[in-house]
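Have a look at this one before I ask anything.
The values are calculated or read from the model by the stated rules, or taken from the named source; none is laboratory data. Keep in mind that what you see is a predicted model, and the values were worked out from it rather than measured. When we count neighbours, we look across all protein chains shown, and the Cβ atoms used for this are built from the backbone with ideal geometry, even at glycine. These accessible areas exclude ligands, DNA and RNA; they are computed on the full protein's heavy atoms, side chains included. Shrake-Rupley method; radii C 1.70, N 1.55, O 1.52, S 1.80 Å.
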Amino acid sequence: MACFAIEDALIKSVTQSIPAGQILTVFGLGGTLVFALMASLSGQHLFTKEAFSRPMQTRILFEVIGRLFYVLALAYTTLSSTTVILQAAPIFVVLGAALFFHEKVGWRRWIAIFIGLLGVVVIVRPGSENFSILSIFALLGMLGFAGRDLASRAAPSALGVSILGFYGFVSIVLAGLVISAWQRLPFVFPDPTTAIYLLGTVLFGVVAYSGLMKAMRTGEVSAVTPFRYTRLLFGVSLGVLIFAEPLSRPVVVGCCLIVISGLVILWSDKSQRSPD
């Protein structure tokens, strides 16, 4: 989540000079090349029967939907309402894990999830005027990311993180091409500073994506998911330090609630491991 926040900060720095579709396309191509190299060095084959299995096809579809509609939501609705809707994804992920993977989700974990969600709402303070019919974009994007995470869990175990990352970033390229075709904006050649920032997005994006996929495939979904709220903690910190964004009381309160969410889930896991 820390690497995802750094990736967001770098992307925020280049959105003023490069179209969103081009950023996604370049970002996706860079990540695709890195994961292809990682797979080659580890002796994994990119094009196998398992790579084109039903769960992988579902995963790619949800990845494209998530990336595409989330960017559209940022373009046509307010950031606060979009962020709130996106942070509802953990609830749908845990619900899907309970329904499709028969994971046992105890009341402590549900409490942790809703405490974290409450912290998100306190931070962004959405007003009723922020929500419009266009918020359906954010809803579809959120469902896309939740579906991607669940499909990653169902992907064949023979596929390593490098393979998942390769096809995940291929999906980002597809989403970028769709947005570029819709925007019809000319290609912008980045200056040296912007090029370095784009390289940083690829490097931090690869690390973040690898960590998330490893966590979603090896840990219990209901245990891993609440910690996704910590992305806001890192994001707020970077906003204050890099972009000089004000740190208001609601932000502090919300961050504390998110930390409490993580502590609750840690306490829950420790209680389950302790003998009676």
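So which of Arg153, Arg125, Arg184 ends up being modelled with pLDDT of 80 or more and among the charged types (D, E, K, R)?
Only one candidate passes the filter, namely Arg184.
Just the residues that are part of a helix (DSSP H, G or I), aliphatic (A, V, I, L, M) and surrounded by fewer than 19 Cβ atoms within 10 Å (Cβ to Cβ), please, taken from the stretch 22-59.
Leu29, Leu33, Ala36, Leu37, Met38, Leu41
Out of everything in the stretch 60-74 that is among the aliphatic types (A, V, I, L, M) and either touching a strand residue (DSSP E or B) at 6+ places or on another chain (Cβ under 9 Å) or more than 14 Å from Leu86 (Cβ to Cβ) (or both), what residue ends up being most open to solvent (accessible area, probe 1.4 Å)?
Leu61
A quick yes/no check of all residues on (1) over 30 Å from Pro156 (Cβ atoms); (2) at pLDDT 85 or above; (3) under 18 Å from the mean Cα position of the chain (by Cα):
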| site | (1), (2), (3) |
| --- | --- |
| Lys12 | yes, no, yes |
| Leu29 | no, yes, yes |
| Ala36 | no, yes, no |
| Leu61 | no, yes, yes |
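Please find, within the stretch 177-232, the residue that is surrounded by the most Cβ atoms within 10 Å (Cβ to Cβ) out of those that are in contact with a Gly (Cβ under 7 Å, 6 or more places away or on another chain) and among the aromatic types (Phe, Trp, Tyr).
Tyr229
If Leu266 satisfies all but one of (1) open to solvent by less than 10 Å² (accessible area, probe 1.4 Å); (2) at pLDDT below 90, what's the number of the condition it fails?
Failed condition: (1).
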